[in-house]
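To start, the structure itself, in C-alpha coordinates.
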Amino acid sequence: MPSDRRSVAVMRIEHVGFDPDFVDYQQAWDLQREVHARVVSGEQEDTTLLLEHQRVYTAGKRTAWYDRPTDGSPVVDVDRGGRITWHGPGQLTGYPIVHLPVPLDVVGHVRRLEQLMMDVCSDVGLQGTVRVEGRSGVWLPAGDGKPERKLGQIGVRVSHDVAMHGFALNCNCDLSWANIIVPCGISDAGVTSISQELGRDVTVQEVLPYIEKRLPDILR
(Lines give C-alpha, C1' and ligand atoms only; values in the text may rest on other atoms or scores of the structure.)
Protein backbone atom coordinates (compact mmCIF):
# COMPACT_ATOMS: atom_id res chain seq x y z
CA MET A 1 0.00 0.00 0.00
CA PRO A 2 1.23 3.58 -0.66
CA SER A 3 0.87 4.48 3.03
CA ASP A 4 3.19 1.59 3.92
CA ARG A 5 5.72 2.85 1.39
CA ARG A 6 5.69 6.24 3.09
CA SER A 7 6.23 4.74 6.53
CA VAL A 8 9.53 3.19 5.46
CA ALA A 9 10.53 5.87 2.97
CA VAL A 10 14.02 7.33 2.96
CA MET A 11 14.68 10.93 2.07
CA ARG A 12 17.78 12.06 0.24
CA ILE A 13 18.89 15.60 1.12
CA GLU A 14 20.97 17.54 -1.37
CA HIS A 15 22.72 20.87 -0.75
CA VAL A 16 22.56 22.86 -3.98
CA GLY A 17 24.28 26.08 -2.91
CA PHE A 18 24.61 28.47 0.02
CA ASP A 19 26.28 31.80 0.74
CA PRO A 20 28.43 32.80 -1.11
CA ASP A 21 27.35 30.34 -3.83
CA PHE A 22 23.79 31.59 -4.23
CA VAL A 23 21.72 29.61 -6.74
CA ASP A 24 20.11 31.07 -9.85
CA TYR A 25 16.36 30.40 -9.76
CA GLN A 26 16.14 29.01 -13.29
CA GLN A 27 19.02 26.63 -12.55
CA ALA A 28 17.23 25.33 -9.47
CA TRP A 29 13.92 25.01 -11.31
CA ASP A 30 15.58 22.97 -14.06
CA LEU A 31 17.19 20.76 -11.40
CA GLN A 32 13.85 20.30 -9.68
CA ARG A 33 12.28 19.04 -12.88
CA GLU A 34 15.14 16.63 -13.50
CA VAL A 35 14.94 15.23 -9.98
CA HIS A 36 11.13 15.08 -10.16
CA ALA A 37 11.31 12.93 -13.29
CA ARG A 38 13.75 10.54 -11.60
CA VAL A 39 11.64 10.28 -8.44
CA VAL A 40 8.48 9.63 -10.50
CA SER A 41 10.23 6.90 -12.49
CA GLY A 42 11.64 5.26 -9.37
CA GLU A 43 15.25 5.94 -10.39
CA GLN A 44 15.78 8.11 -7.29
CA GLU A 45 14.36 8.16 -3.78
CA ASP A 46 12.35 11.07 -2.40
CA THR A 47 14.72 14.04 -2.42
CA THR A 48 14.79 17.50 -0.87
CA LEU A 49 16.94 20.23 -2.40
CA LEU A 50 18.16 22.85 0.09
CA LEU A 51 19.67 26.17 -0.98
CA GLU A 52 19.84 29.95 -0.88
CA HIS A 53 18.77 31.70 -4.06
CA GLN A 54 20.13 34.74 -5.79
CA ARG A 55 17.65 37.61 -5.38
CA VAL A 56 14.52 36.95 -7.43
CA TYR A 57 10.76 37.48 -7.46
CA THR A 58 8.68 34.48 -8.49
CA ALA A 59 4.98 34.48 -9.33
CA GLY A 60 2.71 31.48 -8.88
CA LYS A 61 -0.36 30.80 -10.97
CA ARG A 62 -2.70 32.90 -8.82
CA THR A 63 -0.61 36.10 -8.98
CA ALA A 64 -2.63 39.21 -9.88
CA TRP A 65 -1.20 42.08 -11.90
CA TYR A 66 -1.39 44.40 -8.88
CA ASP A 67 0.75 42.02 -6.76
CA ARG A 68 3.78 42.56 -9.00
CA PRO A 69 6.73 44.93 -8.38
CA THR A 70 5.99 48.62 -8.62
CA ASP A 71 9.51 49.45 -9.81
CA GLY A 72 9.70 47.20 -12.85
CA SER A 73 11.82 44.49 -11.20
CA PRO A 74 11.78 41.29 -13.27
CA VAL A 75 9.59 38.40 -12.17
CA VAL A 76 9.91 34.69 -13.00
CA ASP A 77 6.50 33.13 -13.64
CA VAL A 78 6.44 29.56 -12.31
CA ASP A 79 4.09 26.58 -12.28
CA ARG A 80 3.55 26.35 -8.51
CA GLY A 81 0.45 27.38 -6.63
CA GLY A 82 0.20 30.62 -4.70
CA ARG A 83 1.01 34.17 -5.70
CA ILE A 84 4.13 36.33 -5.78
CA THR A 85 7.03 36.01 -3.39
CA TRP A 86 10.77 36.65 -3.10
CA HIS A 87 13.78 34.40 -2.72
CA GLY A 88 17.29 35.45 -1.89
CA PRO A 89 20.22 35.53 0.53
CA GLY A 90 19.34 34.87 4.16
CA GLN A 91 16.31 32.76 3.27
CA LEU A 92 16.48 28.97 3.55
CA THR A 93 14.61 27.46 0.63
CA GLY A 94 13.67 23.80 0.43
CA TYR A 95 12.22 21.83 -2.46
CA PRO A 96 10.89 18.47 -1.20
CA ILE A 97 10.38 16.29 -4.27
CA VAL A 98 8.44 13.54 -2.58
CA HIS A 99 5.65 11.05 -3.15
CA LEU A 100 2.37 12.04 -1.55
CA PRO A 101 0.12 9.45 0.10
CA VAL A 102 -2.78 7.99 -1.84
CA PRO A 103 -5.52 9.16 -1.86
CA LEU A 104 -3.78 12.38 -2.79
CA ASP A 105 -3.83 15.00 -0.04
CA VAL A 106 -2.09 18.18 -1.15
CA VAL A 107 -3.45 20.18 1.80
CA GLY A 108 -1.97 17.59 4.15
CA HIS A 109 1.43 18.08 2.50
CA VAL A 110 1.18 21.85 2.96
CA ARG A 111 0.27 21.37 6.62
CA ARG A 112 3.31 19.13 7.16
CA LEU A 113 5.57 21.77 5.60
CA GLU A 114 4.04 24.40 7.86
CA GLN A 115 4.63 22.19 10.89
CA LEU A 116 8.22 21.61 9.81
CA MET A 117 8.92 25.35 9.82
CA MET A 118 7.02 25.97 13.04
CA ASP A 119 8.98 23.24 14.82
CA VAL A 120 12.28 24.58 13.50
CA CYS A 121 11.42 28.09 14.69
CA SER A 122 10.85 26.64 18.15
CA ASP A 123 14.16 24.75 17.91
CA VAL A 124 16.07 28.04 17.48
CA GLY A 125 14.14 29.82 20.23
CA LEU A 126 11.29 31.54 18.41
CA GLN A 127 8.02 30.57 20.08
CA GLY A 128 4.46 31.46 19.18
CA THR A 129 4.38 30.80 15.44
CA VAL A 130 0.90 29.99 14.16
CA ARG A 131 -1.16 29.07 11.14
CA VAL A 132 -3.66 31.63 9.86
CA GLU A 133 -6.92 30.26 8.53
CA GLY A 134 -7.21 30.72 4.79
CA ARG A 135 -3.55 31.67 4.43
CA SER A 136 -0.80 29.12 3.92
CA GLY A 137 2.62 29.46 5.51
CA VAL A 138 3.92 30.24 8.99
CA TRP A 139 2.95 33.40 10.85
CA LEU A 140 3.35 35.38 14.02
CA PRO A 141 0.09 36.80 15.35
CA ALA A 142 -0.66 40.49 15.63
CA GLY A 143 0.29 42.12 18.92
CA ASP A 144 2.30 44.90 20.55
CA GLY A 145 1.31 47.26 17.76
CA LYS A 146 2.48 44.86 15.05
CA PRO A 147 0.27 43.25 12.38
CA GLU A 148 0.26 39.56 11.53
CA ARG A 149 3.68 38.80 10.08
CA LYS A 150 4.58 36.05 7.64
CA LEU A 151 7.77 34.18 8.42
CA GLY A 152 7.64 31.18 6.10
CA GLN A 153 6.19 30.77 2.62
CA ILE A 154 4.84 27.67 0.87
CA GLY A 155 4.03 26.98 -2.77
CA VAL A 156 3.73 23.51 -4.25
CA ARG A 157 2.91 21.66 -7.43
CA VAL A 158 2.01 17.98 -7.70
CA SER A 159 2.43 15.83 -10.81
CA HIS A 160 2.19 12.02 -10.96
CA ASP A 161 1.59 12.02 -7.19
CA VAL A 162 5.01 13.61 -6.58
CA ALA A 163 5.29 17.11 -5.13
CA MET A 164 7.82 19.77 -6.09
CA HIS A 165 8.57 23.40 -5.16
CA GLY A 166 8.12 23.75 -1.40
CA PHE A 167 8.98 26.16 1.42
CA ALA A 168 11.07 29.25 2.16
CA LEU A 169 11.94 30.30 5.71
CA ASN A 170 13.17 33.84 6.39
CA CYS A 171 16.27 33.55 8.58
CA ASN A 172 18.25 36.81 8.30
CA CYS A 173 17.22 38.13 4.90
CA ASP A 174 16.80 41.80 3.97
CA LEU A 175 13.05 42.38 4.28
CA SER A 176 12.98 45.48 2.09
CA TRP A 177 12.03 43.21 -0.82
CA ALA A 178 8.44 43.34 0.42
CA ASN A 179 8.18 47.10 -0.12
CA ILE A 180 7.58 46.91 -3.87
CA ILE A 181 5.20 43.93 -4.12
CA VAL A 182 2.14 42.60 -2.33
CA PRO A 183 3.81 39.56 -0.73
CA CYS A 184 1.84 36.38 -1.42
CA GLY A 185 -1.03 38.65 -2.50
CA ILE A 186 -1.69 39.69 1.12
CA SER A 187 -1.97 43.44 1.62
CA ASP A 188 -3.08 43.57 5.28
CA ALA A 189 -0.11 41.82 6.90
CA GLY A 190 3.66 42.14 7.10
CA VAL A 191 6.72 39.99 6.61
CA THR A 192 9.39 39.18 9.14
CA SER A 193 12.39 36.95 9.81
CA ILE A 194 13.63 34.79 12.65
CA SER A 195 16.47 37.28 13.22
CA GLN A 196 14.15 40.26 13.41
CA GLU A 197 11.87 38.56 15.90
CA LEU A 198 14.65 37.23 18.15
CA GLY A 199 16.78 40.36 17.98
CA ARG A 200 19.90 38.47 17.00
CA ASP A 201 21.49 37.26 13.77
CA VAL A 202 20.14 33.80 12.97
CA THR A 203 21.81 32.58 9.80
CA VAL A 204 20.74 29.97 7.29
CA GLN A 205 23.65 27.82 8.45
CA GLU A 206 22.36 27.89 12.03
CA VAL A 207 18.88 26.82 10.95
CA LEU A 208 19.98 24.23 8.39
CA PRO A 209 20.68 21.28 10.74
CA TYR A 210 17.29 21.68 12.41
CA ILE A 211 15.57 21.60 9.01
CA GLU A 212 17.54 18.50 8.02
CA LYS A 213 16.71 16.72 11.27
CA ARG A 214 12.98 17.30 10.87
CA LEU A 215 12.60 16.87 7.09
CA PRO A 216 11.87 13.10 7.25
CA ASP A 217 8.75 13.94 9.30
CA ILE A 218 7.01 15.20 6.16
CA LEU A 219 7.08 11.65 4.75
CA ARG A 220 4.94 10.25 7.58
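The values are calculated or read from the model by the stated rules, or taken from the named source; none is laboratory data. Only a predicted model underlies this, so the values are computations on that prediction, with no experimental measurement involved. As a convention, Cβ positions derive from the backbone with ideal geometry for all residues, glycine included, and neighbour counts pool all protein chains shown. Heavy atoms of the whole protein, side chains included, go into the accessibility calculation; ligands, DNA and RNA do not. Shrake-Rupley method; radii C 1.70, N 1.55, O 1.52, S 1.80 Å.
Quick check, is Gly90 touching a residue at least 12 places away in the same chain (Cβ under 8 Å) and over 18 Å from Val156 (Cβ atoms)?
Yes: the conditions hold for Gly90.
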Exercise for review: Go through the residues of the range 5-13 one by one and say whether even a single one is in contact with a His (Cβ under 9 Å, 6 or more places away or on another chain), outside any helix (DSSP H, G or I), modelled with pLDDT under 95 and not β-branched (Val, Ile, Thr).
Suggested key: yes
Note: among Pro89, Pro69, just one is farther than 29 Å from Arg200 by Cβ and not in a strand (DSSP E or B), namely Pro69
Flagged in the range 142-169 as among the acidic types (Asp, Glu) and under 13 Å from Leu104 (Cβ atoms), in numbering order, are Asp161
Note on Gln196: of the conditions (1) under 22 Å from Arg214 (Cα atoms); (2) of a type outside the set (A, V, I, L, M, F, W, C); (3) not in a strand (DSSP E or B), unmet is (1)
Filter the range 102-135 for residues that are part of a loop (DSSP other than H, G, I, E, B) and open to solvent by less than 30 Å² (accessible area, probe 1.4 Å); the one that is modelled with the lowest pLDDT is Thr129
Within the range 141-158, residues surrounded by fewer than 23 Cβ atoms within 10 Å (Cβ to Cβ) and of a type outside the set (Lys, Arg) come out as Pro141, Ala142, Gly143, Asp144, Gly145, Pro147, Glu148, Val156, Val158
- Message: Would you confirm whether or not the range 159-166 contains a residue that is surrounded by fewer than 15 Cβ atoms within 10 Å (Cβ to Cβ), touching a residue at least 40 places away in the same chain (Cβ under 8 Å), more than 15 Å from Gln91 (Cα to Cα) and in contact with a helix residue (DSSP H, G or I) (Cβ under 6 Å, 6 or more places away or on another chain)?
- Response: yes
The residue that is surrounded by the fewest Cβ atoms within 10 Å (Cβ to Cβ), considering only those in the range 169-181 that are outside any loop (DSSP other than H, G, I, E, B) and modelled with pLDDT under 95, is Ser176
